[in-house]
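Colleague: Have a look at this one before I ask anything.
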Amino acid sequence: MKADALVLGAGIIGVSVAVHLQKRGRATVLVDRRGAAEETSFGNAGLVQREGVYPYGFPHDFGALFRYGLNRTIDAHYHPSAIPRLAPFLWRYWQHSRPARHQAIARLYAKLIEHCITEHDALANEAGAQALLRRTGWMKVFRTERERDRRFAEAQRWKQEFGIRSSFLDRKAIQEAEPHLAPVLVGALHFTDPVAVIDPHGLAVAYLALFERLGGRFVQGNAIGLSQDSDGWRLGPIAAEKAVIALGPWADVVTRALGYDLPLAVKRGYHMHYRPAGHAVLNHPVLDTERGYFLAPMARGVRLTTGAEFALRDAIRTPVQLGRAEPIARDLFPLAERLDTEPWMGARPCTPDMMPVIGRAPRHADLWFAFGHAHHGLTLGPVTGRLIAEMMCGEKPFVDPSPYRAERF
């Protein structure tokens, strides 16, 4: 099987890369060991985060570090046995999260984020998937005035620096917007521009269907066999001039085999769906800020998602954060029975500077990297797809790709 391009990984990043290459007339083969978006891209909070200019940093205040050290919170959990191996990554992550450095990263990262809505809209329109996108934005809700005031001030700075739009809600406005939330909240921050995706897996599958309608081919296979020869890249019976590694948390399996030592790690996360009790309705995705869990209205039900679990990628599942969050979430919003037989778990692919790796592989001709998007894989899928395709096809990139190149490590 011959192709112009071979894309490894059919999560939202890989599917988006494949669509954009096929749109440019490049015969593209997309390969994954499973179906489209059946790993990390299957489960998440379902947000296209136009406000997400500051990638999620490592805390620097002593109080948060002390709480996380006790390993009892909802928003963060760790496997003690994994810390020795994760320590070098966490140290670099902590350094990049220092306020001045984090601010500098945000200025670079915002260049990607600012296009996330328009790029999703373009693909969703072509794919006939606009029904999966809801223009509700999302809310951070607050239980204390201290946290409310701190986040309101932060939102004002983001508006001034990045043009991020939001509105401030008092108790009465919260009850009007979300009448079924318990009256325990002192305020809310409503980011109005982000888009809520009611079925992230369904959206990726719709983009895959668009890719196939354009003439692309999706096959199942194991990316470990990728090799280079005089004609380009080969994976089993597939021969292609160019290849893209878009394997998310498994990217290092292939990159290490090719001689790269990139500082990649994962943040694992869990979710569970619930039926709303009675006639209760959740109108917006909601983050319970002080408690550290997220509720999102999905096609399947209300999705409860957790924060980050620091563990080795393939370690045993430990959904303790869901167990901690569920009773608190039930007190905030009336959840009925669980709808999933077991919690879903995924691994977010992360870099220590919180920015993805997008661009040409430093030491191999016609090899491209597109991974490391952490919490913003869904948000940045179509942006990354367009950017990679433009570079591969010799077009002028619509975003300067230099901050995201692998050579920075």
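The values are calculated or read from the model by the stated rules, or taken from the named source; none is laboratory data. The structure presented is a predicted model; accordingly, all values stated were derived computationally and were not measured. FYI the Cβ positions are ideal-geometry reconstructions off the backbone, even for glycines, and counts take in every protein chain you see. Heads up: the accessible areas ignore ligands, DNA and RNA and are worked out on the full protein's heavy atoms, side chains in. Shrake-Rupley method; radii C 1.70, N 1.55, O 1.52, S 1.80 Å.
Colleague: Is the shape of the range 196-279 best called rounded, prolate or oblate, per the rule: a/c under 1.5 gives rounded, else a/b larger than b/c gives prolate, else oblate, with a ≥ b ≥ c the square roots of the Cα gyration tensor eigenvalues? If you can, show how the numbers build up before the last one.
Modeller: Working: a/c = 3.58, a/b = 1.61, b/c = 2.23.
Cα axes put the range 196-279 in the oblate bin.
Colleague: Give the cross-link partners of LYS23 among the lysines, using a straight C-alpha distance below 22 Å as the criterion and excluding same-chain residues fewer than 8 apart.
Modeller: Once the sequence-local lysines are set aside, what remains near LYS23 is LYS2, LYS242, LYS396.
Colleague: Right, here's the next one. How much length is gained on full extension from SER167 to HIS364, taking 0.36 nm per residue of separation minus their Cα-Cα distance? All intermediate terms of the calculation are to be shown ahead of the outcome.
Modeller: Details: separation 197, 0.36 × 197 = 70.92 nm, distance 4.79 nm.
Stretched out fully, the SER167 to HIS364 stretch lengthens by 66.1 nm.
Colleague: On to the next question. Carbon and sulfur together cover what percent of the accessible area of the chain at a 1.4 Å probe radius? Don't skip to the answer; put the middle values down first.
Modeller: Values: 8960 of 16970 Å².
That fraction is 53 percent.
Colleague: Check LEU335: other-chain or 5+ apart residues with amide H under 5 Å from its amide H, H built from backbone geometry?
Modeller: ALA277
Colleague: If the chain between ASN71 and ARG213 were fully stretched, how many nm would it gain, using 0.36 nm times the residue separation less the Cα-Cα distance? Mind dumping the intermediate values first?
Modeller: Details: separation 142, 0.36 × 142 = 51.12 nm, distance 4.80 nm.
Residue separation times 0.36 nm, minus the Cα-Cα distance, leaves 46.3 nm.
Colleague: Compute the length gained on full extension between ALA27 and ASP261: take 0.36 nm times their separation in residues and subtract their Cα-Cα distance, giving the result in nm to one decimal. Each step should come with its number before you reach the end.
Modeller: On the way: separation 234, 0.36 × 234 = 84.24 nm, distance 3.04 nm.
Computed gain between ALA27 and ASP261 is 81.2 nm.
Colleague: Something else about it: Taking a probe of 1.4 angstrom, what is the accessible area of ASP231 in Å², to the nearest 10?
Modeller: 130
Colleague: Turning to a different aspect of this structure: Rounded to the nearest 10 Å², what accessible area does ARG386 have for a 1.4 Å probe in the complete protein model?
Modeller: Using a 1.4 Å probe on the heavy atoms, I get roughly 60 Å².
Colleague: With r as the distance between the Cβ atoms of GLU176 and ASN222 and R0 = 51 Å, compute the FRET efficiency 1/(1 + (r/R0)^6) and round to 0.05. Kindly include the intermediate steps, with their values, before the conclusion.
Modeller: Numbers: r = 53 Å, r/R0 = 1.03.
FRET efficiency, ASN222 to GLU176: 0.45.
Colleague: Can you give me the convex hull volume of the Cα atoms of the range 25-114, divided per residue and expressed in Å³?
Modeller: Numbers: hull volume 17.4 nm³, N = 90.
Once divided by residue count, the hull of the range 25-114 is 194 Å³.
Colleague: Turning to a different aspect of this structure: Would you please state the base-10 log of I(q)/I(0) at q = 0.12, 0.14, 0.21 1/Å for the range 85-157, with intensities from the Debye formula using one equal scatterer on every alpha carbon?
Modeller: For the range 85-157 at q = 0.12, 0.14, 0.21 Å⁻¹, log10 I(q)/I(0) is -0.64, -0.82, -1.02.
Colleague: How large are Rg and Dmax for the chain when only the alpha carbon atoms are used, in Å?
Modeller: Radius of gyration, then largest Cα-Cα span, for the chain: 20.8, 68 Å.
Colleague: Determine how large the accessible area of ASP32 is when every protein chain is in place; take a 1.4 Å probe and give Å² rounded to the nearest 10.
Modeller: Here the accessible area works out near 20 Å².
Colleague: Skip the ligands, DNA and RNA, and give the accessible area per residue of the chain with a 1.4 Å probe, whole Å².
Modeller: Working: 16970 Å² over 409 residues.
Per residue, the chain has 41 Å² of solvent-accessible surface.
Colleague: Across every pair of different alpha-carbon atoms, what Kirkwood hydrodynamic radius in Å does the range 269-372 reach? Present the calculation step by step, with values, prior to reporting the outcome.
Modeller: Numbers: mean 1/r = 0.0631 Å⁻¹.
In the range 269-372 this quantity evaluates to 15.9 Å.
Colleague: Helices from the chain with mean Kyte-Doolittle at least 1.0 and a Cα length along the axis of 15 Å or more, per DSSP H: which? Display every interim value, and only then the final one.
Modeller: Values: long enough: 12-23 (16 Å, 1.28); 83-96 (19 Å, -0.38); 99-113 (20 Å, 0.09); 116-127 (16 Å, -0.14); 145-162 (25 Å, -2.37); 200-213 (20 Å, 0.66); 320-332 (19 Å, -0.12); 377-392 (22 Å, 0.84).
Taking the DSSP H segments of the chain (at least 15 Å long, mean hydropathy at least 1.0), we get 12-23.
Colleague: Here's another thing I want to ask about it. Can you tell me what share of the DSSP beta bridges in the chain is antiparallel? A percent to the nearest 5 is fine. Provide the component values of the computation, followed by the final result.
Modeller: Numbers: 44 of 67 bridges.
The antiparallel fraction comes to roughly 65 percent.
Colleague: Continuing with the same structure: Relative to a virtual label point 7 Å from the Cα of ASP229 in the Cα→beta-carbon direction, which members of the range 1-29 show backbone nitrogen distances below 20 Å?
Modeller: Output list for this probe position: 1-8, 27-29.
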